[in-house]
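Here the structure is laid out as structure tokens; the discussion comes afterwards.
The values are calculated or read from the model by the stated rules, or taken from the named source; none is laboratory data. What you see is a predicted model, and the numbers here were worked out from it, not measured in a lab. Because the Cβ atoms are built from the backbone with ideal geometry, glycine has one as well, and the counts that use them run over all protein chains shown.
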Amino acid sequence: MHDWQRTFVQKLEAARKQWLHRFERFALDYLDPAYQEFAEFTGSHGFQVLTPPCEPGTRLYKFGLTENGYLLITFRLRGLEEVEVCNEVFLPGVGALDTIRQHAALCDAGSEWVARQFQEGLDLFITEFGEAGAAEADQAAELVTA
């Protein structure tokens, strides 16, 4: 059984490397072009955008309006053939909101799926950012009238 286990682990590692290679190809074909498009659009509207360095199998994109108000969108390979996207919103005076996660099979995650993930993340961020600003303004008005 010992030889079988060693052979099995070698095959498993080979499969993992193949799927990691597929994720990296997915990133080059779909994530990077979509990010460039959204970075140009949001950058022209006052966002600071960047891509911090990541481990293979992961891509991280940051869209910020202020030092404490930003969105992190992370795409990562999960398991052998699933891609997970996480939207993490950080707001001034509020901090981190609950992380939103979605999953798709890597073979099903094409350009439309990727674009939708960026759109949903940015929509969530700007909605929450606006609501946080409105709530802060309401609190300030209450203090003035009290």
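Scan the stretch 1-28 residue by residue and report those that are touching a residue at least 60 places away in the same chain (Cβ under 8 Å) and either surrounded by 16 or more Cβ atoms within 10 Å (Cβ to Cβ) or touching a helix residue (DSSP H, G or I) at 6+ places or on another chain (Cβ under 9 Å) (or both).
Pass one, the stretch 1-28, residues touching a residue at least 60 places away in the same chain (Cβ under 8 Å): 15-16, 19, 22-23, 26.
Listed by number, the residues that qualify are Trp19, Arg22, Phe23, Phe26.
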Among residues of the stretch 42-69, those that are more than 15 Å from the chain's Cα centre (by Cα) and charged (D, E, K, R), counted:
1
Does Val85 fit the bill of being of a type in the set (A, V, I, L, M) and over 13 Å from Phe125 (Cα atoms)?
yes
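For the stretch 1-38, give me each residue that is charged (D, E, K, R) and closer than 30 Å to Gln117 by Cα. Steps first, please.
At the first step, the residues of the stretch 1-38 found to be charged (D, E, K, R) are 3, 6, 11, 13, 16-17, 22, 24-25, 29, 32, 37.
Result: Glu13, Arg16, Lys17, Arg22, Glu24, Arg25, Asp29, Asp32, Glu37.
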Subset of the stretch 95-143 (residues that are aliphatic (A, V, I, L, M) and modelled with pLDDT of 90 or more)
Ala96, Leu97, Ile100, Ala104, Ala105, Leu106, Ala109, Val114, Ala115, Leu122, Leu124, Ile126
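Do we have Glu81 as modelled with pLDDT under 95 and more than 22 Å from His21 (Cα to Cα) here?
So Glu81 does not fit the description; no.
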Cβ-Cβ below 7 Å, separation at least six or inter-chain, first residue in the stretch 66-79 and in contact (Cβ under 8 Å) with a residue 60 or more places away in the chain, second of a type in the set (Phe, Trp, Tyr) and in a strand (DSSP E or B): which pairs?
Gly69/Phe90
Of the residues that sit in the stretch 36-63 and are in a helix (DSSP H, G or I) and aromatic (Phe, Trp, Tyr), which one is surrounded by the most Cβ atoms within 10 Å (Cβ to Cβ)?
Phe38
Spot the failing condition for Val49; the list is (1) out of contact with any Gly (no Cβ under 6 Å at 6 or more places or on another chain); (2) free of Cβ contacts under 8 Å to residues at least 24 places away in the same chain; (3) under 22 Å from Ala132 (Cβ atoms); (4) of a type outside the set (D, E, K, R), and only one is missed.
(1)
All but one of (1) hydrophobic (A, V, I, L, M, F, W, C); (2) closer than 21 Å to Asp108 by Cβ; (3) under 20 Å from the mean Cα position of the chain (by Cα) hold for Ala39, so report the exception by its number.
(2)
